[in-house]
Structure formats: C-alpha cells, structure tokens
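A short write-up of the structure that comes next.
The values are calculated or read from the model by the stated rules, or taken from the named source; none is laboratory data. These figures come from a predicted structure and were not determined experimentally. Cβ coordinates were reconstructed from backbone atoms using ideal geometry, including for glycine residues, and neighbour counts include every protein chain displayed. Accessible surface areas use protein heavy atoms only, side chains included; no ligands, DNA or RNA. Shrake-Rupley method; radii C 1.70, N 1.55, O 1.52, S 1.80 Å.
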Amino acid sequence: MKPLKKKQKTEPGKPGLFTFYFLTAFIILFIPVFHVQKTLDQALMPRTMAMSLFVGVMAVFLFALKKRGQYSFSILRQHIFPLLLAYLGLVIVSILFAINFKESFFDIIRTFILLSTAGIAAIVFGHTENWKEILPKFVIIAAAIALSIGAVQYYTHVFNAVRPTLPDGRTVEYMVFGLMFHKNEYSTALALMLPFVGYGIYALRNYWRIAGIITVVLLLIMIVLVQTRAVWVGLAVSFLFTSILVILYSRTLKFPLLVRNILLGGLLAGGLAVAIIFSLEKPKDDRSLFGRIRSITDTRSQHNIHRLNIWKSTINLIKDHPITGVGAGNWRLHAAYYFDGKFDQVPQLNWDKPHNDFLWVAAEKGLIGFLLYLAVFGFAFYYQITVIRRSEKTGDKILSLLFFAGLICYLAISFFGFPYERINHQNYLALIFAGSTVMYHSIRPSKEFKINSLHVLAPVILISAFGCIFGYRTTKQEINLNKALAAMHKEDWRTYLHFSRLAVNPFKSLDPLSNPPEYYEGMALAKLNRHQEAVLAYEKAIKQFPNNMWIINWMGQSYYHVGRYEEAIECLEKVIRIIPQHTEAYINLSATYYQMGEYQKSYDALQRIENYESVPGVRSNMRALERMIQQQSGQRSANTGN
C-alpha cells in the first residue's frame with residue numbers, strides 16, 4: 001500500500017498568477033469598456049462604482065492572503081504611498097472649506113481609488129514573477145479593442161462626413177471617442193497605453209512583438225487623426241525629456257552610440273521642423289491638421305483664448321484662497337465670480353473644470369495639497385531614475401525609462417486637459433506608480449509593514465462601500481435626468497417635472513452639466529405656469545450652486561412672474577455681472593423695471609445692450625419708452641404746479 005502524499009502548502013510570497021490576471025483583466029480590459037448608455041456621462045460614474053467595488057474586494061482578498069503568509073505589504077512603506085495617503089487626507093479635510101460638501105465626495109472617492117489601486121497593484125506585481133512581460137499583453141489587447149471602436153467611428157463620422165463640422169460647430173473628429181465619450185479623453189487613453197506596449201516590443205517575442213509594433217503605429221496614427229492638441233504636446237514633451245534622459249544615461253542603459261546619435265539627430269530635426277512650421281504663413285482653415293498644429297501657440301486663436309481666460313480666472317481664485325483652497329469639487333461653484341466679463345457668449349460659460357489639473361488642484365486643495373500632489377510625482381520620477389542608474393536588470397531600466405516617458409506625457413497633458421478626472425487615466429497612472437515602485441523596491445527594499453488588519457480594512461471597506469453607493473445613486477440620478485431632458489425636448493413638461501424630482505441625490509448635487517436637479521424642477525414648474533413653486537425649487541438649487549448663471553436667470557424670471565420685482569432685478573444684475581454681453585438679461589431687466597413703472601430705468605437697461613440699435617425689437621421698445629418717459633415727466637410737472 002502506497003503512503004498518502006502530504007498536501008503541499010503554498011509557498012509564502014508566491015500565491016500564483018490568478019490574482020495578477022484578475023487585477024489586470026479588470027483594470028485594463030473590463031473598466032475601459034464598462035459603461036451605462038442611459039446616463040448623461042456614460043463612463044464616469046459607472047466606472048467609479050465598479051472600481052470602488054473592485055478595491056474593496058481586492059483589499060479583503062489580499063489581507064486574507066497576507067494572514068496566511070502569502071503576501072508581504074512591505075512595499076507600502078515606500079514614500080509614495082504615505083504621500084498619496086496624506087493627499088487623500090487633505091482632500092477629505094478640504095470639505096471644511098467647501099460651500100457644497102456633497103460635491104467633494106467624488107474627488108475623495110477618485111483619490112481613494114488611485115491610492116488603493118496603486119497600492120494593490122504594487123503588492124500583486126511584487127509577488128508575480130513575470131508581471132513585466134504579461135502586463136503589456138493585456139494592454140495590447142485593450143489597445144486593439146479601443147482602436148477598433150475608434151476606427152469604426154472615424155470611418156462612419158469623419159471619412160464619410162458630408163460636412164466638416166457638427167451642428168454645434170465642433171469638428172466631426174469629436175465623434176471619434178472610443179468608449180471614453182470624448183475625443184480628448186480617448187486620445188489621452190491611447191497615449192497612456194504607449195509605455196506598456198513599448199515595453200512589450202522590447203520584452204516579448206514572435207507574434208506578440210509584431211503585435212506590439214503594429215499597435216504602437218496604429219496608436220500614433222489614431223492620435224494624429226483625432227487631433228487632440230494636448231496629447232500631441234504631451235508626446236512631444238515626453239520625447240524631448242526622455243531623449244535627454246537617454247543621452248545622459250546611454251551607457252547605464254547599455255544603448256549603443258548609434259541610438260544616442262539618432263536621438264540627438266531627432267531632437268535637432270524636430271526643433272528645425274517646429275521652427276519651419278511656425279515660420280510659415282498661418283493657414284486659413286484652422287481646423288485642418290496644419291491649422292491645428294499652428295494654433296497650439298496662437299494665444300488669439302478661438303481654440304485657446306477661452307482656455308487662457310479660464311486660467312486667468314482660476315489664478316485669481318487661487319490668490320484669494322492660497323492656503324486652504326475652496327474645497328474639493330468646488331472650483332466650478334466659485335469660478336463665475338472671477339469671469340469679470342472675459343466671456344461674451346453664454347455657451348462659453350459651461351466650464352466645470354479649468355482644463356489644467358495643476359491649477360485645479362491648487363484652487364481646490366490650496367498650497368499644501370498642491371505640494372503633496374507634486375511630491376507624489378516627484379517620488380515616482382525619483383524611483384524611475386534610481387532604477388535606471390542602479391538596477392542590474394536591463395529590462396527594469398527600459399521599463400523605468402518608458403514609465404518616465406509616460407509620466408511626462410501625463411503631466412504635459414494635465415497642463416492643458418483634465419486626466420485627473422477620469423477613472424481610466426487614473427488607473428493607468430496607478431499602474432505606472434505601482435510598477436515604478438516595485439522596481440525601486442527590488443533595489444532598496446523597505447522593512448516589513450506590520451499593521452493591524454482591522455485598522456486598515458475598516459476604512460478601506462467603508463470608503464469602498466460608500467463609493468459603490470455613491471456611484472450607483474449618481475448613475476441613477478443621471479439616468480433620471482437623461483429622461484427628464486428627453487421630455488424637455490418634447491415639451492412634455494409633466495414628465496420633465498417627474499424625472500427631475502426623481503433625480504434628487506443625497507450624495508451629489510450637480511450633474512455633468514453643472515446643474516442641480518432642482519434647477520430642472522424649477523424650469524418644469526415655470527413651463528407649467530406654477531411660478532410660486534418654481535421659485536421654491538430655484539431657491540433650493542441656488543443654495544447648491546450660488547453662481548450658476550442659468551439658475552439665477554430663470555429664478556429672476558419666476559420672481560418677475562410672481563411680482564417680486566426687486567428680487568428679479570437682483571438676479572438679472574448678477575447675470576449681467578457674469579456675462580455683460582447677455583442681451584436677454586438686459587431685455588428682462590428692462591421688462592421688470594417697466595412693470596414697476598420705472599420707465600427711465602427700463603430705457604437705460606436697453607441702452608446698456610451692446611449694439612442695441614441692431615437688436616430686433618429693441619429700438620421700437622426704446623421709442624415707446626421715450627414717449628412714456630415724456631408723459632411721466634409731464635404728469636410730474638403738472639402735479640408740481642398744482
């Protein structure tokens with residue numbers, strides 16, 4: 001009789017590939033395609049909900065394996081993670097300075113997801129022997145999916161386009177957005193894949209290497225076709241700084257002299273090409289590829305002038321709140337105070353972020369938050385350069401170099417866009433943080449991290465659960481608002497009112513259009529001529545967003561209809577202060593003064609309209625008011641004589 005074999009125990013530190021495959025498949029393959037079509041923003045809140053659930057489940061799983069001796073958490077002692085934790089703490093504290101604390105919740109959850117994903121990925125990567133070779137394969141597959149969707153959209157909406165622009169004036173390229181639902185975010189996601197696929201070309205063999213080369217070429221072609229200038233700048237800046245790093249450390253990287261010479265030649269050729277392009281005459285069509293390139297440095301271009309104005313407004317906001325900031329998620333609640341007539345059309349006011357992540361962070365989290373944010377990136381760069389200089393593994397050096405390039409690209413894009421907002425982009429950032437830290441940790445390991453599981457798991461599970469609830473409720477909110485807006489377009493005011501009321505969310509006030517549900521409720525009630533109720537709805541809405549021009553404008557109109565003229569005037573004057581060229585506000589102001597019998601003030605309000613003589617109906621109204629002013633003056637003279 002054969003003796004029974006003892007069941008082999010899992011070796012500590014080598015728990016298998018299942019955890020790694022689950023992690024990478026979820027983050028790289030599932031999250032970028034997960035969306036809910038019936039929401040206003042089909043990606044943001046559904047992915048926030050999914051990532052919150054994922055983080056909670058993974059945390060419990062990893063702590064269970066740690067208890068069994070299969071995982072070490074020592075990597076979490078590396079400085080980047082305490083800095084991320086400190087930044088998360090400051091984001092939470094910033095609620096104290098917010099005028100709408102509910103708008104801070106998403107920022108807290110998003111920062112928590114970045115910290116948790118980076119930490120979890122670092123732990124898992126550190127216990128997966130071939131993570132550097134497997135990770136690029138997942139990204140190549142994800143890139144193939146994203147490129148396929150984008151290619152279909154490009155062929156349908158751009159290649160077969162009858163007109164070069166959409167009905168709202170944007171170029172047809174805006175219809176190429178993959179599953180990011182905005183072309184700029186789609187292009188940014190493609191750019192962030194390049195470091196991982198680039199390493200695949202170096203590390204993989206046979207068909208995977210060929211697939212990697214093809215993927216990089218197609219990613220670059222799509223980035224050019226989509227025409228996102230921030231990504232073009234990001235790639236150019238990344239190439240510049242990475243080339244300098246390669247030239248400085250070419251011997252350490254074991255690159256032949258030929259590579260250094262090629263890079264030097266490339267830098268010189270690139271500089272010459274830029275000089276030639278910007279010395280040529282400006283093209284008449286600024287929507288063409290050449291026109292888009294030339295517009296990058298044109299401060300008077302329509303593509304730039306409004307972004308520059310919003311940056312100026314944000315800088316002024318920072319000057320007023322330099323230390324504390326205005327609170328996480330509250331930039332858009334304050335921004336209108338600082339417009340100072342910089343925008344002359346109503347559509348230009350639809351800014352829910354400053355299109356510069358550095359200004360965004362500084363405005364909301366203050367000086368300390370801004371420095372912590374920069375410090376996180378600083379340590380990531382430090383880890384990458386240390387690996388390039390000290391590691392004995394050539395593969396680690398190459399991957400660190402590519403991660404350096406990816407991080408430079410991310411920061412350059414952040415100067416013109418807002419990758420800080422998007423879960424997809426934060427996931428790729430977390431993977432770069434995690435990978436850089438793991439390679440650094442292999443050179444300079446930290447001591448074992450002795451922690452009380454309950455002290456860590458309890459807040460992680462609590463915030464994860466809150467993130468799930470927040471994401472679910474906000475997704476439902478957007479579904480109801482989408483139905484409400486569909487009813488509005490059909491002028492079905494009762495249905496519009498019904499879904500607006502269903503959209504009230506205890507965890508979030510504002511929708512992706514920066515409007516609270518009570519604003520839509522007020523509009524529906526006004527359309528039903530229930531102005532007393534509309535006023536109450538608007539008053540609730542304005543508490544949540546005090547500087548929302550749309551709420552102020554419509555609330556003023558409802559005040560007018562219920563005879564509260566002084567309050568109507570106050571609202572309309574606020575609208576005019578935000579956008580002095582708003583013709584409708586002056587007309588409504590004139591009508592309000594007319595109802596009060598203040599004919600001279602009514603006349604003066606019309607006279608404040610820019611080029612009022614060319615506005616239909618204004619001139620005839622002014623002539624009528626002139627007659628009434630004369631009559632009123634005559635009556636006063638007669639009364640004085642008596």
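In a fully extended conformation the segment linking ALA465 and SER442 would gain 4.9 nm over its present Cα-Cα distance, using 0.36 nm per residue. When all protein chains stay in place and ligands, DNA and RNA are ignored, the 1.4 Å accessible-area order of ASP320, ASP352, largest first, is ASP320, ASP352. Put simply, the range 151-217 fits an ellipsoid with semi-axes of 31, 13, 7 Å; these come from the alpha carbon gyration tensor as the roots of five times its eigenvalues, largest first. Once divided by 2.2 N^0.38 Å, the Cα radius of gyration of the range 426-555 becomes 1.60. Here the range 152-177 is scanned for amide nitrogen atoms under 18 Å from the site 7 Å beyond the Cα of GLN302 along Cα-to-Cβ, giving 163-175. Considering every alpha-carbon pair of the range 362-472, the percent of pairs per 5 Å bin, from zero through the bin containing the longest distance, is 2, 10, 15, 17, 18, 17, 14, 6, 1, 0. In this structure, the residue pairs whose Cα-Cα separation is over 32 Å, taken from LYS132/LYS476; LYS137/LYS284; LYS38/LYS543, are LYS132/LYS476; LYS137/LYS284.
Computed from the Cβ-Cβ distance with R0 of 30 Å, the FRET efficiency linking PHE507 to LEU85 stands at 0.80. For the chain, the Cβ-based charge dipole about the Cα centre amounts to some 2800 debye (Lys, Arg positive; Asp, Glu negative; other atoms uncharged). For the range 503-589, a Kirkwood hydrodynamic radius built from all Cα pairs, placed in the Stokes-Einstein relation at 25 °C and 0.890 mPa s, yields a translational diffusion coefficient of 191 µm²/s. Sorting HIS425, HIS455, HIS182 on solvent-accessible area from highest to lowest, probe radius 1.4 Å, gives HIS455, HIS182, HIS425. The alpha carbons of the chain give a radius of gyration and a Dmax of 28.8, 133 Å, in that order.
In this structure LYS254 has an accessible area near 140 Å², from a 1.4 Å probe over the protein heavy atoms. If I fit a long axis through the Cα atoms of helix 80-93 and take the longest principal axis of the Cα atoms of the chain, what angle between them do I get, 0 to 90°, rounded to 10? Between the helix axis and the principal axis of the chain, the angle is about 20 degrees. Relative to one another, the C-alpha centroids of the range 219-256 and the range 32-55 are positioned 31 Å apart. Legend: translational diffusion of the range 146-282 by Stokes-Einstein, Rh = Kirkwood radius over C-alpha pairs, 10 °C, 1.306 mPa s; D = 93 µm²/s. With a cut-off of 20 Å, note down the residues of the range 215-242 whose backbone N falls inside the zone around a label point 7 Å from the Cα of THR156 toward its beta carbon. Those under the cut-off are 222-223, 225-227. Dimensions of the range 517-642 from C-alpha coordinates, computed as largest minus smallest value along each principal axis and given longest first, are 54, 35, 23 Å.
Of the residues ILE293, ALA144, ASN611, the one whose Cα sits farthest toward the positive end of the charge dipole of the chain, with +1 on the Cβ of Lys and Arg and -1 on the Cβ of Asp and Glu, is ALA144. Using the Cβ-Cβ distance between ARG623 and ASP340 with R0 set to 45 Å, the FRET efficiency from 1/(1 + (r/R0)^6) comes to roughly 0.85.
VAL152 exposes around 90 Å² of accessible area when a 1.4 Å probe is run over every protein chain in place.
The alpha-carbon atoms of the range 353-407 define a convex hull whose volume equals 66 cubic angstrom per residue. Convex hull volume of the C-alpha atoms in the range 230-328, normalised per residue: 164 Å³. Using a simple spin-label model with pseudo-atoms 7 Å out from Cα toward Cβ, LYS527 and TYR21 lie 5.2 nm apart. Per residue, the solvent-accessible area of the chain (1.4 Å probe, heavy atoms of protein chains only, all protein chains present) comes to 47 Å².
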